[in-house]
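Here's the structure, in structure tokens; my notes come after.
The values are calculated or read from the model by the stated rules, or taken from the named source; none is laboratory data. All values reported here derive from a predicted model rather than from experimental measurement. Every residue, glycine among them, receives a Cβ derived from its backbone with ideal geometry; neighbour counts consider all protein chains shown.
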Amino acid sequence: MTLITLPARRSRRRQTRVRRPARPLPPAITAPYVAIESPITHVVVAVPARNEAASITACLDSIDLAAAACGRSVIAVVAADSCVDATADIARRRTPECATTLVVEGSWRSASGARGAAVAAGLGAIGELLAPSVWIANTDADCVVPVDWLRRQLHHCGQVGVAVAGIVRLDESCTHPSVAAGFAALYDADGPLHRHVHGANLGLRADAYEVAGGWRPHTVVGEEHDLWRRLARGGVARVQPTDVVVTTSGRRRGRTRGGFASNLLRLERALCDD
């Protein structure tokens, strides 16, 4: 005898559907950005850091020198993100000469979230009402900026753009020569302008930053491109000069999968395959 299994009868009891909360909409740009004729008097340098005890001192030292050369009041904010090393303690113990140093700690677990927290802390320390007079410069904790870094960003702000995206160079002292050569061959930055956007070398006026919605905390990869596009949609004048440079480490194991270090790792593997 063959047994036939019948489908279970559906209960006639009415099921209550649980509605999931709607996802929040991204910050809307309500109106085109209108630049306010206000001189830049303050600079906030945002530095996200995750387990960067080995590099944070050199980074902050370089920012301090750039602060001395730019002629503005500068506050460098280190956002220590989920650190299990001494990054935050080292940054706090360091004695700055020109740039005030502020350290905030949290578990944002993304460069974008840490950048946003650093900017918020810096603007809070300066005062929100001064936003049109504040320049926000962004870099990374494994980077070293040149003495003229802030001065060049502010120069381009006064000449052309309200937002400035510079370029990066690899630290040759910690980068394999083949990777450095391959990067230089692929990285198009020969003329006065370029097409790259790096969170490690991005500056903009604080009022434009606020109009665009700032750094989005849940953007894990490509946060700089996301912000750059929103600035364009908001009518913010942007410029990408090749004379604004920072030096970044050539490490191939970064803090975020899919980030800059991952690109260098893919380049290294491609060179090995060849």
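Results, tabulated for the structure shown:
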{"item": "Looking only at the range 67-116, and only at residues there that are buried (at least 22 other Cβ atoms within 10 Å of the Cβ) and polar (S, T, N, Q), the one that is nearest to Leu154 (Cα to Cα)", "result": "Ser112"}
{"item": "Subset of the range 172-190 (residues that are under 30 Å from Ala206 (Cα atoms) and either surrounded by 17 or more Cβ atoms within 10 Å (Cβ to Cβ) or touching a residue at least 24 places away in the same chain (Cβ under 8 Å) (or both))", "result": "Ala189, Asp190"}
{"item": "Some residue of the range 125-133 being closer than 23 Å to Val164 by Cα, of a type in the set (S, T, N, Q), within 13 Å of the chain's Cα centre (by Cα) and modelled with pLDDT under 95", "result": "no"}
{"item": "Residue that is surrounded by the most Cβ atoms within 10 Å (Cβ to Cβ) [pool: residues in the range 232-244 that are touching a helix residue (DSSP H, G or I) at 6+ places or on another chain (Cβ under 7 Å) and within 18 Å of Leu193 (Cα to Cα)]", "result": "Val244"}
{"item": "Checklist (1) surrounded by 18 or more Cβ atoms within 10 Å (Cβ to Cβ); (2) touching a Pro at 6+ places or on another chain (Cβ under 7 Å) applied to Leu193, failing item", "result": "(1)"}
{"item": "In the range 191-229, residue nearest to Gln153 (Cα to Cα) [restricted to those that are in contact (Cβ under 8 Å) with a residue 60 or more places away in the chain and among the small types (Gly, Ala, Ser)]", "result": "Gly203"}
{"item": "Selected residue (criterion: modelled with the highest pLDDT) from residues of the range 19-60 that are over 30 Å from Pro146 (Cα atoms) and hydrophobic (A, V, I, L, M, F, W, C)", "result": "Val34"}
{"item": "Residue within the range 193-201 that is of a type in the set (Lys, Arg), assigned to a loop (DSSP other than H, G, I, E, B) and out of contact with any Lys or Arg (no Cβ under 8 Å at 6 or more places or on another chain) present", "result": "yes"}
